1. Checking Gly145 against (1) of a type outside the set (A, V, I, L, M); (2) touching a strand residue (DSSP E or B) at 6+ places or on another chain (Cβ under 7 Å); (3) within 24 Å of Ala91 (Cβ to Cβ): exactly one of these is not met. Which one?
2. Among the residues of region 147-165, how many are part of a helix (DSSP H, G or I) and acidic (Asp, Glu)?
3. Out of the residues in region 134-149 that are touching a residue at least 24 places away in the same chain (Cβ under 8 Å) and surrounded by fewer than 12 Cβ atoms within 10 Å (Cβ to Cβ), state the one that is nearest to Asp209 (Cα to Cα).
4. So Gly197 clears everything in (1) on the phi > 0 side of the Ramachandran plot; (2) at pLDDT below 90; (3) over 14 Å from the mean Cα position of the chain (by Cα); (4) surrounded by fewer than 16 Cβ atoms within 10 Å (Cβ to Cβ) except one condition, right? Which one?
5. Go through (1) over 15 Å from Thr120 (Cα atoms); (2) surrounded by 13 or more Cβ atoms within 10 Å (Cβ to Cβ) for Asp178 and report which single condition fails.
6. Going through region 202-221 one residue at a time, which ones are farther than 15 Å from Gly97 by Cα, surrounded by 13 or more Cβ atoms within 10 Å (Cβ to Cβ) and either modelled with pLDDT under 90 or of a type in the set (Phe, Trp, Tyr) (or both)?
7. Of everything in region 166-175 that's among the aliphatic types (A, V, I, L, M) and either outside any loop (DSSP other than H, G, I, E, B) or in contact with a helix residue (DSSP H, G or I) (Cβ under 9 Å, 6 or more places away or on another chain) (or both), which residue is farthest from Gly123 (Cα to Cα)?
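The values are calculated or read from the model by the stated rules, or taken from the named source; none is laboratory data. All values derive from a computational prediction rather than experimental measurement. Cβ placement follows ideal geometry from the backbone for every residue including glycine, while neighbour counts extend to all protein chains displayed.
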Amino acid sequence: MSVEQSQARQFSAGNQQGGAQNVAKNGAQPTNDMFMTLLLAQIRNQSPLDPADPSQFVSQLAQMSQMQSTQEMLKQFQSQGAMMRELQGVALGAQVGKPVLVQTDRIRSDGQGELNGRVTLAGEEGSVALTLIDDAGKRTRIELGKRAAGGSDFKIKLADHGLAAGNYQLELSTASGDKGLFELKADVSGVRLPVNGGEPVLSLAGLGDFPASSISALLSA
């Protein structure tokens with residue numbers, strides 16, 4: 001390598017290093033303008049005796065363009081996601097005071113009123129029972145009797161079974177061992193939209209709070 005080439009490369013490297021140090025000193029974040037500034041500086045300061053391959057600059061510009069497109073798509077998706085959550089919140093807000101069906105195996109009971117729900121079975125069952133397990137592990141088995149195939153509703157008066165207010169785990173059992181589909185029915189008392197952008201949370205009277213994804217049906221009455 002000639003002396004001129006060595007000096008030219010040292011000059012170019014020194015300019016690029018100085019620019020990087022200035023960026024670090026100022027605490028600036030990489031931006032599109034910064035990228036173009038550094039790229040132009042690299043082109044101007046390259047050695048005239050050993051110029052860089054033009055395809056390298058084209059490749060860098062293509063990568064930058066691809067990154068910009070990806071960032072723009074991400075912003076659009078985030079904006080659309082926020083809009084969908086807001087629309088979902090508005091729709092669920094209109095359900096306040098109206099009943100819904102929720103799929104869950106846990107509730108926070110207030111110990112008052114009734115526990116309403118629906119059991120959907122693949123076939124006829126001679127015996128169906130619902131067991132509630134409190135935090136202390138106490139099990140309360142409630143017989144729901146014989147059930148036909150398909151969906152059928154049930155009502156349980158909590159006071160009749162000595163069920164106090166508290167958290168309960170629910171277990172549905174059948175004579176055949178088929179778990180079927182188990183849903184509880186309750187009125188929506190409120191809707192909460194998390195500030196972190198998560199899914200809406202519904203407060204159901206007498207049951208507790210549930211994510212919107214656990215709601216299986218919106219009912220009119």
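1. (3)
2. Adding up the residues that qualify gives 1.
3. Within region 134-149, the subset touching a residue at least 24 places away in the same chain (Cβ under 8 Å) is 134-135, 144, 147-149.
This time we only want the ones that are surrounded by fewer than 12 Cβ atoms within 10 Å (Cβ to Cβ), so: 135, 148.
Values: Asp135: 17, Ala148: 31 Å.
The qualifying residue nearest to Asp209 (Cα to Cα) is Asp135.
4. (3)
5. For Asp178, the exception is condition (1).
6. Residues satisfying the conditions are Phe210, Ala212.
7. Leu170
A quick yes/no check of all residues on (1) out of contact with any strand residue (DSSP E or B) (no Cβ under 7 Å at 6 or more places or on another chain); (2) of a type in the set (Gly, Ala, Ser); (3) over 21 Å from Leu219 (Cβ atoms):
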position	(1), (2), (3)
Val119	no, no, no
Gly126	no, yes, yes
Ala165	no, yes, yes
Asn196	yes, no, yes
